[in-house]
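K.L.:
Here it is, the structure, as structure tokens.
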Amino acid sequence: MRIDILTGLPSLLASPLNDSIVKRSQSKGIVEIVIHDLRDYSLQNQRSIDDYAYGGGAGMVMSPEPIARCFDSLMDEREYDELIYMTPDGTTLNQPMANHLSLKTNLAILCGHYKGIDERIRQHYITKEVSIGDYVLSGGEIAAAVLTDAIVRLVPGVLNDETSALTDSFQDDLLAPPVYTRPANFRDWEVPKILLSGNEGAIEKWREEKAIERTKERRPDLYDRIRGNEED
Ligand code: SAM
């Protein structure tokens, strides 16, 4: 899989994409992540990528030219499954969306800044708009890093044990059960005995029960959905 990220602030993406699992996905050669500095596509003397908003008002707007030129050069090289714009008014990112995108070959992700991007880019280039939640960030870089991480860890071969992703929260509409590690007794707080029993069937059943219990308690909306699906 290849992910191209278009940004006016490449340095913001350096750390989140060059550590841990996202870094491993690249060193294993499974995922290629390429960052593009939109200033390199500016035709202005100052390499500027923003301008005043038509109609006035506070805040600058990202100019269409550098974004269009960058997308054009990428699309000359390969076909993209999606050209994504990170934006608070997009579809909220969830696990099914991450699963779906992890099966794609080429994705491009555009990070906005200032008041956002010129609407014509949204109309004529963007195929998918993604929000990471109902709040406003200063720029799309952190949101793009969140989306990239959520996708990349699901790409086959990235995690050492692929079943790990399958047992995470939301994969089956359930939250994950509690987890413990050594020591079995920490400050007199004991690990549930069942986890030390070696009885795989009983442990599996316990985890399932705890996942259901936790979902019912913390996310009744998900719990009701599972029950609805079971009744259907
Ligand atoms: N004026 C825009 C609005 O009210 O919808 C907000 C612009 S925001 C200050 C600048 C950029 O940050 C956006 O263009 C977008 O790329 C990114 N951004 C902010 N919040 C986001 C969110 N919740 N999800 C995804 N991207 C976000």
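The values are calculated or read from the model by the stated rules, or taken from the named source; none is laboratory data. Bear in mind that the values here come from a model prediction, so they are computed numbers and not experimental data. Every residue, glycine as well, gets a Cβ built from its backbone with ideal geometry; the counts of neighbours run over all protein chains shown. Heavy atoms of the whole protein, side chains included, go into the accessibility calculation; ligands, DNA and RNA do not. Shrake-Rupley method; radii C 1.70, N 1.55, O 1.52, S 1.80 Å.
K.L.:
Could you tell me which GluC sites (Glu not before Pro) in segment 1-109 are loop residues by DSSP with no more than 16 other beta carbons within 10 angstrom of their beta carbon?
P.N.:
Values: sites: Glu32, Glu77, Glu79, Glu82; in loops: Glu79.
Answer by residue number: Glu79.
K.L.:
For segment 113-187, run through the trypsin sites (Lys or Arg not before Pro) and keep only the ones in DSSP coil with at most 15 other Cβ atoms within 10 Å of their Cβ.
P.N.:
Numbers: sites: Lys115, Arg120, Arg122, Lys128, Arg153, Arg187; in loops: Lys115, Arg153, Arg187.
Passing sites in segment 113-187 are Lys115, Arg187.
K.L.:
A follow-up question, please. To the nearest 10 degrees, how steep is helix 64-77 against the longest Cα principal axis of the chain, on a 0 to 90 scale?
P.N.:
70 degrees
K.L.:
Suppose we keep just the alpha-carbon trace of segment 169-231; what are its Rg and Dmax in angstrom?
P.N.:
13.8, 44
K.L.:
Of all the accessible heavy-atom surface of the chain, with the other protein chains kept in place and a 1.4 Å probe, what percent is carbon and sulfur?
P.N.:
Working: 6680 of 13900 Å².
After summing per-atom areas, the C and S share lands at 48 percent.
K.L.:
Got a sec to turn the phi values of segment 99-104 into Karplus ³J(HN,Hα) couplings, 6.51 cos²θ - 1.76 cosθ + 1.60 with θ = phi - 60°, whole Hz, x for Gly and Pro?
P.N.:
Karplus-based 3J(HN,Hα) across segment 99-104 equals 4, 4, 6, 5, 8, 7 Hz.
K.L.:
Sorted by accessible area (1.4 Å probe), largest first, how do His113, His124, His100 line up? Don't skip to the answer; put the middle values down first.
P.N.:
On the way: His113 40, His124 140, His100 90 Å².
The residues order as His124, His100, His113, largest area first.
K.L.:
Just to be sure I understand the curve: with the Debye formula and one point per C-alpha of the chain, what is log10 I(q)/I(0) at q = 0.11, 0.16 Å⁻¹?
P.N.:
Values, matching the q order: -0.69, -1.14.
K.L.:
Counting only heavy atoms of protein chains, what accessible area per residue, in Å², does segment 169-231 have with a probe of 1.4 Å? Numbers along the way, then the final one.
P.N.:
Values: 5010 Å² over 63 residues.
Counting only protein heavy atoms, the per-residue value for segment 169-231 is 79 Å².
K.L.:
Oh, and also: Projecting each Cα onto the charge dipole of segment 122-232 (Lys/Arg +1, Asp/Glu -1 at the beta carbon, about the Cα centre), which of Pro220, Gly140, Ala202 comes out farthest on the positive side?
P.N.:
Gly140
K.L.:
Let me ask another. Once Lys and Arg get +1 and Asp and Glu get -1 on their Cβ, which of Pro177, Tyr41, Ile121 lies farthest toward the positive end of the dipole of the chain?
P.N.:
With unit charges placed on the Cβ atoms, the residue in question is Pro177.
K.L.:
Each residue of segment 217-232 in order: what ³J(HN,Hα) in whole Hz does its phi give by Karplus 6.51 cos²θ - 1.76 cosθ + 1.60, θ = phi - 60°, with x for Gly and Pro?
P.N.:
6, 9, 9, x, 4, 5, 4, 5, 5, 4, 4, x, 5, 5, 5, 5
K.L.:
Across segment 191-197, in residue order, what do the Karplus-derived ³J(HN,Hα) couplings come to in whole Hz, using 6.51 cos²θ - 1.76 cosθ + 1.60 with θ = phi - 60° and x for Gly and Pro?
P.N.:
6, x, 3, 4, 6, 9, 6
K.L.:
Something else: Could you size up the charge dipole of the chain around its Cα centre, putting +1 on the beta carbon of Lys and Arg and -1 on that of Asp and Glu, and report it in debye to the nearest 20?
P.N.:
Once rounded to the nearest 20, the dipole reads 600 debye.
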